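Notes follow the structure.
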Amino acid sequence: MIETIRQGLKEDGFDVSISKLCKWFEVPRRTVYYRPTKAELKVQEHLLTPIKAMIEENPSFGYRTVAHLLDFNKNTVQRISQIKGWQVRKRPVGFRPRIKALLSVAERPNERWATDLCRIWAGTCLAAADRRPRSRSSSTR
């Protein structure tokens, strides 16, 4: 940015130093001279071929499965998969449609049963009570 401004001013006949422009725009000089030093990602070809063959044969395999079957380090397989864009995407989490169950409807009494369990303290033990047939039409207990 600073360099383009400097060149534009130079074309207009104004010769301004980079340090002066940095002071005017309150930008540190080191940001003008900064060049990123990130190297290009390297992939070893002798690892690439078997991984690619395994993924083409079984596209649903993830990097852990591929690493285990090829007896490679899983981090290496994951890095190669990320660089080449071969990673299997994780299934999205969220609502999935379910099968709706049919409601249980009783046509006549003594067809549909329900159990109510009640604990009653009887001195030294607990007892269960209230087991009787129910139908949808009868609302009394």
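Could you please give the count of residues in region 5-23 that are of a type in the set (V, I, T) and free of Cβ contacts under 8 Å to residues at least 12 places away in the same chain?
So the answer is 1.
Tell me, yes or no, whether region 103-111 has at least one residue that is at pLDDT 85 or above, exposed (fewer than 13 other Cβ atoms within 10 Å of the Cβ), of a type in the set (D, E, K, R) and assigned to a loop (DSSP other than H, G, I, E, B).
For region 103-111, residues at pLDDT 85 or above, exposed (fewer than 13 other Cβ atoms within 10 Å of the Cβ), of a type in the set (D, E, K, R) and assigned to a loop (DSSP other than H, G, I, E, B): absent.
K38 versus (1) surrounded by 10 or more Cβ atoms within 10 Å (Cβ to Cβ); (2) under 30 Å from T4 (Cβ atoms): which is the lone unmet condition?
Here K38 clears every test but (1).
Do you know which residues across region 20-41 are over 30 Å from Q82 (Cα atoms) and out of contact with any Lys or Arg (no Cβ under 8 Å at 6 or more places or on another chain)?
Those that are over 30 Å from Q82 (Cα atoms) and out of contact with any Lys or Arg (no Cβ under 8 Å at 6 or more places or on another chain): K20, K23, W24, F25, E26, V27, P28, R29, R30, T31, V32, Y33.
Looking at (1) surrounded by 10 or more Cβ atoms within 10 Å (Cβ to Cβ); (2) more than 26 Å from T49 (Cβ to Cβ), can you tell me which one A67 breaks?
The number of the failed condition is (2).
On the given criteria, is L48 over 30 Å from M1 (Cα atoms) and out of contact with any helix residue (DSSP H, G or I) (no Cβ under 6 Å at 6 or more places or on another chain)?
yes
Report, by residue number, each residue of region 3-59 that is closer than 30 Å to L69 by Cβ and assigned to a loop (DSSP other than H, G, I, E, B).
Passing the criteria: E40, L41, K42, V43, Q44, N58, P59.
Those residues that are of a type outside the set (A, V, I, L, M) and modelled with pLDDT of 90 or more, I need them from region 57-68; list them, please.
E57, R64, T65, H68, listed by residue number.
If the Cβ limit is 9 Å and pairs must be 6+ apart or interchain, which residue in region 44-67 that is within 13 Å of I80 (Cα to Cα) pairs with which residue that is outside any helix (DSSP H, G or I) and modelled with pLDDT of 90 or more?
What qualifies is L47/F72; P50/F72; I51/F72; V66/F72; A67/N73.
The values are calculated or read from the model by the stated rules, or taken from the named source; none is laboratory data. Quick caveat, the model's predicted, so the values are computed rather than measured. Reconstructed Cβ throughout: ideal geometry from the backbone, glycine too, with neighbour counts over all protein chains shown.
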